[in-house]
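Here's the structure, in structure tokens; my notes come after.
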Amino acid sequence: MKLATWNVNSLKMRLPRVLEFLAQHVPDVLCLQETKCEAAAFPVDELAQAGYHAVDHSAGRWAGVAILARSDLELADPVAGLPGELREDEARWIEATVGGLRVVSVYVPNGRAVGSPTFDEKLAFLDAAAQRVAAPRRDGLPLVVGGDFNVAPADLDVYDPAAFAGSTHVTPEERARVDAIHAAGDLVDANRHQHPGEVQHTWWDYRQGHFHRGMGLRIDLLLAGDALAQSLVACGIARDYRKGSKPSDHAPLVAELAPG
């Protein structure tokens, strides 16, 4: 099974690139974040023509998450929203059962500034996520969580740790909570599992040529249950989708599991 996650930073703006990605990589499942569209405007017909159906949690011009699956795979038991999140209207969590997996697409709040109310809300969201992945699995299904965590798990995931000192995305509080999500769900960071010690990024600021200068962060993650992680045969970042016409500021992350 091939799984992918991508913060598209507006599905309306990025739809041609999403369709290009689906045609090129043919993932079984694609988790999207920051779709930024109303539920009525979600591109159901365009995705169907590409061979995919979806469940979405949409909230208009901000946030928004979705799970796409090949049309021959059932999308069952969708749940929108994260129990315990403080801003339920922001549409940051959706889960569904696909191909024998319980799949989550998540868009963690940015946090803005350390010590601010929005930072506290981010920590609360991460706490709620840890509680959710620790909940008993529906029918014992293995779990995959894909999304934009807005946290760089380690200094290795930051182009210049000194430049981010005192900023969000790198604080011990945020990183500890991501670690707690791993522990609560017995989850493994798929990309780090496949590329230990390797510097890789999934997000680059649009400004000042950060992408071409290698000034990025690894904040988009695919977390897989430990048993699933053992069946990983590949995981990588589709960097070409950060290039070209109207790119998102994030690149897709793609993982492949061996048949089992």
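A few remarks follow.
- Restricting the trypsin sites (Lys or Arg not before Pro) of the stretch 165-242 to loop positions (DSSP other than H, G, I, E, B) with no more than 12 neighbouring Cβ atoms within 10 Å leaves 213.
- Three-way shape call for the stretch 1-140 based on the alpha-carbon gyration tensor, with the a/c threshold at 1.5: oblate
- Annotation note: GluC sites (Glu not before Pro) in the stretch 141-204 located in DSSP loop regions with a Cβ neighbour count of at most 11 within 10 Å are 198.
- Rounded if a/c under 1.5, otherwise prolate or oblate - the chain, Cα gyration tensor axes: rounded
- Think of a 1.4 Å ball rolled over the protein heavy atoms: the chain then has 43 Å² of accessible area per residue.
- Helix-only [θ]222 nm of the chain, DSSP H runs n ≥ 4, -39500 (n - 2.57) each, per residue, nearest 500: -7000 deg cm²/dmol
- Only lysine pairs 8 or more places apart or on separate chains count here, and in the chain those with Cα atoms under 20 Å apart total 5.
- What you get for the chain, charging only the Cβ of Lys and Arg (+1) and of Asp and Glu (-1), is a dipole of about 600 debye around the Cα centre.
- Sparse-neighbour loop sites [trypsin sites (Lys or Arg not before Pro); the stretch 1-66; at most 10 other C-beta within 10 Å; DSSP]: 61
- In terms of its C-alpha gyration tensor, the stretch 122-260 has an oblate overall shape, because the principal axis ratio a/c (a ≥ b ≥ c, square roots of the eigenvalues) is not below 1.5 and a/b does not outweigh b/c.
The values are calculated or read from the model by the stated rules, or taken from the named source; none is laboratory data. Everything numeric in this text was worked out from a predicted model, so none of it was measured. Counting neighbours? That spans all protein chains shown, and the Cβs are built from the backbone with ideal geometry, glycine included. Remember, those area values only see protein heavy atoms, side chains included, never the ligands or the DNA or RNA. Shrake-Rupley method; radii C 1.70, N 1.55, O 1.52, S 1.80 Å.
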